[in-house]
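Working notes for the structure below.
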């Protein structure tokens, strides 16, 4: 997924405030182009999150949303949870990069629960993020491990938010959600539109200049 | 003279009663007042409703409080984490109640509770299972759900330093829910790694004003939950 993370990083403008979800989204931080300054927000109270420290230098009181040790860069600041979510809900975060279980053709996102009866439900900050950040970007494998499409007409898993996703980056394509439709703006090298459509559970449109 | 410093964690939690609502600070182990939680286990109050972002890990701290069957209900955003075993087991058996709340809604409900605001509207959880059966109102062209404030009988909070008035400063991302939980309870009990004289905390950098704090306990070298979990320790020792 590193090429996909690179693609996301290239598309985030200089000066953006960015919240990265847990897992694959964390890779994006590794690919910020030289000369571009992006400030990372972590929901547990830090703006200016830096890279993971060496194994023996971690501070258990300096962690990210995934509860992993991180660092604070010069210019960083700490704040409490209500302020952190005011940044999120109040529309101050420019980009939020999240993983997905499913995304629908009109931008519904399911990423917190498979709805299985014996699962322990856990939501964290995902619903606040999709309700509040200015741009919701999904980074994900195009299909599940079993080869089922993750981009579908209608999500079957419980929703995180309705009509919230702006753009989807996968190993096969970059797809924009506009006017309740999916517009392919970029195909990965060697991927045809026909192959992409065959591996997608919703109807795709081709941007004319793609 | 105002002196909120109390001699021991045991004394600080001695009036927590059966059935109380208790907020516990922390995001994972960062900011979790583990010595105060252990004192609450020794004290033995039962049938508690706990408001905390997670449910603890291993068999120490919040997880040990749950394992000791003192908790009737958890109000949290993320009840499972790496090494969390106690809560999932009891929940699966139907022996503990869960109110799952989006994290920002949880924070704002606590802040509102401490600020005299009974309820508010938020866009988080609209059109999702967590927004079901909640009043929805449209402002502009957007829908919002009504959420009610949370208040507590007690809050247990960890900070880096305090003075005898209860003014507090925190450590890095261990601040998290601490400041709002101090506001959200009738009786806020704080453990501080360091006690400073009045004026020892620059008034410009006080994070929690002392008015929100009732009691302060000096815990000079708090244990780290992750260290105890790695050593497979269990509380009571």
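What follows draws every value from the coordinates through simple rules; no lab data is involved. This structure is a prediction, so every number in the text was calculated from the model and none was measured. Backbone-built Cβ (ideal geometry, glycine too); neighbour counts: all protein chains shown.
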Inset, instruction - Would you check which residues across the range A:65-74 are touching a residue at least 24 places away in the same chain (Cβ under 8 Å) and closer than 21 Å to residue B:103 by Cα and list them? - result: A:65, A:66, A:70
Legend entry - Those residues of the range A:89-105 which are over 15 Å from the mean Cα position of the chain (by Cα), closer than 29 Å to residue B:120 by Cα and more than 12 Å from chain B (Cβ to nearest Cβ), in sequence order: A:92
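Kindly indicate whether any position in the range A:140-151 is surrounded by 17 or more Cβ atoms within 10 Å (Cβ to Cβ), in contact (Cβ under 8 Å) with a residue 12 or more places away in the chain and within 27 Å of residue A:87 (Cα to Cα).
To start, the set of residues in the range A:140-151 that are surrounded by 17 or more Cβ atoms within 10 Å (Cβ to Cβ) comprises A:140, A:142-143, A:150-151.
Checking which are in contact (Cβ under 8 Å) with a residue 12 or more places away in the chain leaves us with A:140, A:142-143, A:150-151.
Now drop any that are not within 27 Å of residue A:87 (Cα to Cα), which leaves A:140.
Scanning the range A:140-151 turns up at least one residue that is surrounded by 17 or more Cβ atoms within 10 Å (Cβ to Cβ), in contact (Cβ under 8 Å) with a residue 12 or more places away in the chain and within 27 Å of residue A:87 (Cα to Cα).
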Legend entry - Candidate set from the range A:31-62 (those that are on the phi > 0 side of the Ramachandran plot and out of contact with any helix residue (DSSP H, G or I) (no Cβ under 7 Å at 6 or more places or on another chain)); member that is nearest to the other protein chains (Cβ to nearest Cβ): A:48
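Please pick out the residue among A:73, A:6 that is surrounded by fewer than 20 Cβ atoms within 10 Å (Cβ to Cβ), in contact with a helix residue (DSSP H, G or I) (Cβ under 8 Å, 6 or more places away or on another chain) and farther than 23 Å from residue B:84 by Cβ.
A:6
Restricting attention to the range B:194-237, which residues are outside any loop (DSSP other than H, G, I, E, B), surrounded by 10 or more Cβ atoms within 10 Å (Cβ to Cβ) and without any contact (Cβ under 8 Å) to a residue 40 or more places away in the chain? Working first, answer last.
Here is the first cut: in the range B:194-237, the ones outside any loop (DSSP other than H, G, I, E, B) are B:194-195, B:203-205, B:208, B:210-212, B:215-218, B:225-230, B:234.
Okay, now just the ones that are also surrounded by 10 or more Cβ atoms within 10 Å (Cβ to Cβ), so B:194-195, B:208, B:210-212, B:215-218, B:225-230, B:234.
Passing the criteria: B:194, B:227, B:230.
Which residues, counting only those in the range A:125-135, are surrounded by fewer than 24 Cβ atoms within 10 Å (Cβ to Cβ) and under 16 Å from residue A:25 (Cα atoms)? If you could, list the steps in order and put the result at the bottom.
Step one: filter the range A:125-135 for residues surrounded by fewer than 24 Cβ atoms within 10 Å (Cβ to Cβ), giving A:134-135.
If the condition is that a residue be surrounded by fewer than 24 Cβ atoms within 10 Å (Cβ to Cβ) and under 16 Å from residue A:25 (Cα atoms), then A:135 is the only one that fits.
Tell me, please, whether a residue that is surrounded by fewer than 19 Cβ atoms within 10 Å (Cβ to Cβ), within 14 Å of another protein chain (Cβ to nearest Cβ) and in a strand (DSSP E or B) can be found in the range B:183-193.
Of the range B:183-193, the ones surrounded by fewer than 19 Cβ atoms within 10 Å (Cβ to Cβ) are B:186-187, B:193.
Subsequent filtering for residues that are within 14 Å of another protein chain (Cβ to nearest Cβ) retains B:193.
Checking the rest, the ones that are also in a strand (DSSP E or B) come to B:193.
Yes, the conditions are met somewhere in the range B:183-193.
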Legend entry - Top-ranked residue in the range B:68-113 [being more than 7 Å from chain A (Cβ to nearest Cβ), closer than 23 Å to residue B:175 by Cα and in a loop (DSSP other than H, G, I, E, B); ranked as nearest to the chain's Cα centre (by Cα)]: B:101
Legend entry - Subset of the range B:1-51 (residues that are in a strand (DSSP E or B) and either over 22 Å from residue B:183 (Cα atoms) or touching a strand residue (DSSP E or B) at 6+ places or on another chain (Cβ under 6 Å) (or both)): B:5, B:6, B:21, B:22, B:23, B:24, B:30, B:48, B:49, B:50, B:51
Legend entry - Options B:136, B:60, B:86; residue that is in contact with a strand residue (DSSP E or B) (Cβ under 8 Å, 6 or more places away or on another chain) and without any contact (Cβ under 8 Å) to a residue 12 or more places away in the chain: B:136
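For the structure I just gave you, tell me whether residue B:114 is without any contact (Cβ under 8 Å) to a residue 24 or more places away in the chain, within 26 Å of residue B:148 (Cβ to Cβ) and touching a helix residue (DSSP H, G or I) at 6+ places or on another chain (Cβ under 9 Å). Steps first, answer last, please.
Details: without any contact (Cβ under 8 Å) to a residue 24 or more places away in the chain: no; within 26 Å of residue B:148 (Cβ to Cβ): yes; touching a helix residue (DSSP H, G or I) at 6+ places or on another chain (Cβ under 9 Å): yes.
Taking the combined requirement at face value, the residue does not satisfy it.
How many of the residues making up the range B:17-37 are surrounded by fewer than 24 Cβ atoms within 10 Å (Cβ to Cβ) and within 14 Å of the chain's Cα centre (by Cα)? Lay out the reasoning, then the answer.
Going residue by residue through the range B:17-37, those that are surrounded by fewer than 24 Cβ atoms within 10 Å (Cβ to Cβ) are B:17-21, B:35.
Checking which are within 14 Å of the chain's Cα centre (by Cα) leaves us with B:20-21, B:35.
Count: 3.
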Legend entry - Condition broken by residue B:153, with the remaining ones in (1) more than 9 Å from chain A (Cβ to nearest Cβ); (2) touching a residue at least 40 places away in the same chain (Cβ under 8 Å); (3) under 26 Å from residue A:79 (Cβ atoms); (4) touching a strand residue (DSSP E or B) at 6+ places or on another chain (Cβ under 7 Å) satisfied: (3)
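Can you pull out every residue in the range B:156-177 that is within 14 Å of chain A (Cβ to nearest Cβ) and under 15 Å from the mean Cα position of the chain (by Cα)? Walk me through it before giving the result.
Initially, the range B:156-177 is screened for residues within 14 Å of chain A (Cβ to nearest Cβ), giving B:157-161, B:168-177.
Across the range B:156-177, the qualifying residues are B:157, B:158, B:159, B:170, B:173, B:174, B:175, B:176, B:177.
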Legend entry - Extreme residue, surrounded by the fewest Cβ atoms within 10 Å (Cβ to Cβ), among residues of the range A:164-188 that are under 23 Å from residue B:143 (Cβ atoms) and more than 15 Å from the chain's Cα centre (by Cα): A:179
Inset, instruction - For the range A:148-182, enumerate the residues that are over 19 Å from residue A:21 (Cβ atoms), part of a loop (DSSP other than H, G, I, E, B) and in contact with a helix residue (DSSP H, G or I) (Cβ under 7 Å, 6 or more places away or on another chain). - result: A:172
Inset, instruction - Would you mind telling me which numbered condition in (1) within 13 Å of chain A (Cβ to nearest Cβ); (2) under 30 Å from residue A:113 (Cα atoms); (3) surrounded by fewer than 24 Cβ atoms within 10 Å (Cβ to Cβ) residue B:180 fails? - result: (3)
Inset, instruction - Could you figure out which of (1) more than 11 Å from chain A (Cβ to nearest Cβ); (2) on the phi < 0 side of the Ramachandran plot; (3) buried (at least 20 other Cβ atoms within 10 Å of the Cβ) isn't true of residue B:57? - result: (1)
Legend entry - All positions within the range B:114-135 that are in a strand (DSSP E or B) and surrounded by 13 or more Cβ atoms within 10 Å (Cβ to Cβ): B:120, B:121, B:122
